[in-house]
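Notes follow the structure.
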Amino acid sequence: MQARGGLAPIKMGPTGCADLTLLQWMQQRYEKLDATELKKLFAQGAFVNSAGDALGADTPSELIRQGVYFYRPIADEVDTPIEVPVLAQTENWIAVDKPAGLATMPRGAFVARSVTVALRRQERNDELVPAHRLDRPTAGVLLFTKRKQVRGAYQKLFEERKVQKSYRLLAPTASLPDSFSFEARIYRVDGQHRVGVAHTGEANSYTKFRRLSKRGNISLYEARPQTGKMHQIRAHMAALGAPLVGDRLYGWEGEQVPLQLLAHSLSFGDPFAKAVTLRSKQHLPLTEKRTALLRHL
């Protein structure tokens, strides 16, 4: 189905009910939805069939079996378009320099304030899909495919770890050597948006680190993750006793500043062209309190 405002519709289902209209089915399934607001959405053409034709509130919900789609309202709509900096592009992909604070994909409270929706609007291309993801607080290089015909080829590069990733980060100097690596088993912590690190069981995460500079209590590091687990770099550094500057989720107790993690570069062999290296134009520290942090660098 064609996207609207950079956001694809949700497919409803899997089935309806013989004696319920679409409006009644929605009210029964989603009890917190206001009936008046639902009727407004029907009037705005937010519900369509598989051909893209608008459906009324009185449409039998049995039609869901054949395909009914819902264009949900964008709760965090922005007054001014979000501009996403473009680093490079070909006919198959576009690389952007993701600002910190923007989610990669629309989810939960972050829909319009996601790189995917903002970039689709900016480039007027609803087929744009990220080939990989960056956490919302992380800035830096993010690759999107432009056409669904080539999407799988680029996503496969990341799945098969054929993309070389380099990150920059700020963390306490601690007692770490100038070059080191860390491997462990990363696992999801139930009920929390964070991961744990265990040294028992088979390791599923591995990162190479290198100190680039040191001044005072803070050091600038390079990280090259060899695996792609959630929050891998953040969790590894926290386990080493040096949580990233600004990373309160993993133990930073200093001044409240944004997470100091930058996806600095991506290198890969393009399946349809020559090898490419993409580099962010951003620099650490990523904060309005840059002067204060620079005193420690």
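Each reported figure results from applying straightforward, stated rules to the coordinates on display, with no laboratory input. It should be emphasised that the depicted structure is a prediction, and the values quoted were computed from it without experimental measurement. FYI the Cβ positions are ideal-geometry reconstructions off the backbone, even for glycines, and counts take in every protein chain you see.
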Out of residues 5 or more away from TYR206 or on other chains, whose amide H comes under 5 Å of its own, with H placed 1.01 Å from N in the peptide plane?
GLN226, THR227
Mean projected area, convex hull of alpha-carbon positions in segment 116-180, reported to one decimal in nm², is 6.1
Quick check of the Kirkwood formula: for segment 10-70, what is the inverse mean of 1/r over all pairs of different Cα atoms, in Å?
11.2
Helix-only mean residue ellipticity at 222 nm for the chain, each DSSP H run of n ≥ 4 adding -39500 (n - 2.57), per residue, nearest 500:
-4500 deg cm²/dmol
I'd like the Kirkwood hydrodynamic radius of segment 86-287, using the inverse of the mean 1/r over distinct C-alpha pairs, in Å.
17.6
Among GLY254, GLY241, PRO73 - extreme Cα towards positive end, dipole of the chain, charges at beta-carbon
GLY241
Given the options ASP76, ASP58, ASP247, which has the most mean-square fluctuation in a GNM of the chain, springs set between C-alpha atoms less than 10 angstrom apart?
ASP58
For segment 100-220, what does the convex hull of the Cα positions come to per residue, in cubic angstrom?
161
I want to check a number: in segment 195-297, how many lysine pairs have alpha carbons closer than 24 Å, given a sequence separation of 8 or more or different chains?
5
Could you check which residue among THR173, THR145, THR277 shows the biggest mean-square fluctuation in a GNM of the chain with a 10 Å Cα cutoff?
THR277
Fluctuation leader among GLY254, GLY241, GLY228 - the chain, Gaussian network, Cα springs under 10 angstrom
GLY254
